[in-house]
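Every number in this text was worked out from the coordinates using simple rules, so none of it is lab data. Computed from a prediction, not measured in an experiment: that's the story for all the values here. Reconstructed Cβ throughout: ideal geometry from the backbone, glycine too, with neighbour counts over all protein chains shown.
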Amino acid sequence: PVEAADLAPVRVAEPELTVLGVPGQINLDYAATAPCLKAAADAVTALLPWYGSVHRGAGALSQRCTLEYERARQTVGDFVGGRADDHVIFTRNTTDALNLLAHALPTGTTVITYAGEHHANLLPWPNAVRLPVPGSPEAAVRYLAAALAEVRRGNAEGQILVAVTGASNVTGELWPVAQLALIAHRFGARIVLDAAQLAPHVPVDVSTLDVDYVALSGHKLYAPFGAGVLVGRGDWLDAAAPYLAGGGATSGVGDATHDVRWTTGPARHEAGTPNLLGAVALAAVCTTLEAADRYALHAEEQRLLAKLREGLAALPDVAELRTFGADAARIGVVSFAVRGRDSAEIAQRLGREHQIGVRDGLFCAHPLARRLLGEASVRAGWDGVPATALRASIGIGTTDADVDAFLGALRTIV
Ligand code: PMP
């Protein structure tokens, strides 16, 4: 077992971009959970002596905690380019944020999404129009335009929400979010961006992309577990029943069961004592990333990604999973299968024998992963289709040595 005292910063990309890690352990599973940025840990440590009630006390500790929480809200909202009247609601993670929005949809809203989404952006919309996995970004736009025209033919006035990811957690490929937003708005629809994978790699700005809502997770963004956010238009959220009923979400409660006045704004959906440390740590990461040269970080990640993919392509019997084609723009994520081999066994051996952490399975995107495994097998001319895949993913702190160690270990194993 690893003791907290053993956790030391081991890698420095730039001084302020130190991520925490365990010496000897190579983490190539950033897409599941990225390592914690030291700035997040420092922000939490600084606040620990100040434990006080958020929004509920008059003492200095309480006032400081309330201030820090609201400041964090502002910082995180600014980080994603939130508009002045957007609500910034702290949630547990992206899954929670998307479920909150699903809960707040006006009655009769038609949701349109793609079959290639992560389960977090598929399952909250059980009655959605599910578009097929497109073979290119252009096809994604075409499919959406056709579906919107069809839905509008049947329902000229109703609300429509398009739910789409910014970057796939299976392939890392970037989706044409701005074009999809343009089409959605042309048909009077709204659009929510699942930025769980995108935000850690690419600056996300809801105003520039012109998306109505964005959801993300702190733990994929170099911040601790348990804090995420939904940012977006306030009107549906203020009109919806509270996501959580309880203290902080009301401005008054009478004696009769239904005598409750619910507040509006973020507090309406944040009942109970909030995750202050999570919010503050997430804000610290946002501030650090804002100050960093994200173009340089992106360029370095792309260099390592190219090396990773070239290394995989050079191995016999390895096939990459992809939707949009080999040259499509993507973040530092690559999924692949090995002919005739069990992905779980390979992942376990990478962990046990080489101290390298990768993900195996269908990546909480079962329809997409199964389909891409089939296509990859056909492309590679294999007889059968592997049941599951492997995924390597990188980010701040990943080094050439990590990629070399992974490729070397994989070569040994396969
Ligand atoms: N969307 C995407 C694209 C993801 O990759 C993930 C996490 N794998 C999620 C949503 C859900 O994130 P969380 O588990 O933090 O709720």
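Nearest 20 debye, what's the magnitude of the dipole of segment 169-250 about its Cα centre given +1 on Lys and Arg Cβ and -1 on Asp and Glu Cβ?
On the way: 4 positive and 7 negative charges, 14 e Å.
Here segment 169-250 has a charge dipole of around 60 debye.
Taking the fewest neighbouring Cβ atoms within 10 Å as the starting point, the ordered list for Val334, Val318, Val385 is Val385, Val318, Val334.
Kirkwood's formula applied to the C-alpha pairs of segment 283-352 gives a hydrodynamic radius of 14.5 angstrom. Arranged from fewest to most other beta-carbon atoms within 10 Å of their beta carbon, Trp175, Trp382, Trp262 become Trp382, Trp262, Trp175.
A crude spin-label estimate for the pair Leu244 and Leu315, with each label 7 Å from Cα along the Cβ direction, gives 4.2 nm. Based on every Cα atom in segment 42-291, Rg and the maximum pairwise Cα distance Dmax equal 18.7, 59 Å.
Tell me the mean residue ellipticity at 222 nm calculated for the chain from its helices only (DSSP H runs of n ≥ 4, each -39500 (n - 2.57), averaged over every residue, nearest 500).
That comes out to -12000 deg cm²/dmol.
Rounded to the nearest 0.05, what FRET efficiency do His298 and Phe187 give with R0 = 41 Å and r taken as the Cβ-Cβ distance? Could you check? The value I calculate is 0.80.
With a/c under 1.5 counting as rounded, go ahead and sort segment 167-235 into rounded, prolate or oblate using the C-alpha gyration tensor (a ≥ b ≥ c being the square roots of the eigenvalues; past the cut-off, prolate if a/b is larger than b/c, else oblate). Write out the running numbers ahead of the final one.
Values: a/c = 2.52, a/b = 1.46, b/c = 1.72.
Taking the square roots of the gyration eigenvalues as a ≥ b ≥ c, segment 167-235 is oblate.
Toward the positive end of the charge dipole of the chain, with +1 on the Cβ of Lys and Arg and -1 on the Cβ of Asp and Glu, the farthest Cα among Gln63, Thr110, Leu407 is that of Thr110. Where both bridge residues fall in the chain, DSSP classifies roughly 60% of the beta bridges as antiparallel. Amide H contacts of Thr398 (H built 1.01 Å from N, in plane; Pro and chain starts excluded): no residue 5 or more places away or on another chain comes under 5 Å. Using Cβ point charges alone (K and R +1, D and E -1), the dipole size of the chain about the Cα centre works out to roughly 620 debye. Rounded to the nearest 20 debye, the dipole magnitude of segment 342-414 is 220 debye, with +1 charges on Lys and Arg beta carbons, -1 on Asp and Glu beta carbons, and the Cα centre as origin. Sorted fewest first by neighbouring Cβ atoms within 10 angstrom, Tyr213, Tyr69 come out as Tyr69, Tyr213.
Could you tell me the calculated FRET efficiency between Gln74 and Ala291, based on Cβ-Cβ distance and R0 = 22 angstrom, to the nearest 0.05? List each step's numbers first, then the result.
Values: r = 16 Å, r/R0 = 0.73.
With a Förster radius of 22 Å, E is 0.85.
Using 0.36 nm per residue and subtracting the Cα-Cα separation, the extra length available between Val385 and Glu353 on full extension is 8.9 nm. Taking square-rooted eigenvalues a ≥ b ≥ c of the alpha carbon gyration tensor, is segment 227-275 rounded, prolate or oblate, where a/c under 1.5 means rounded and, failing that, a/b exceeding b/c means prolate? Judged from the Cα gyration tensor, segment 227-275 comes out oblate (a/c at least 1.5, b/c at or above a/b).
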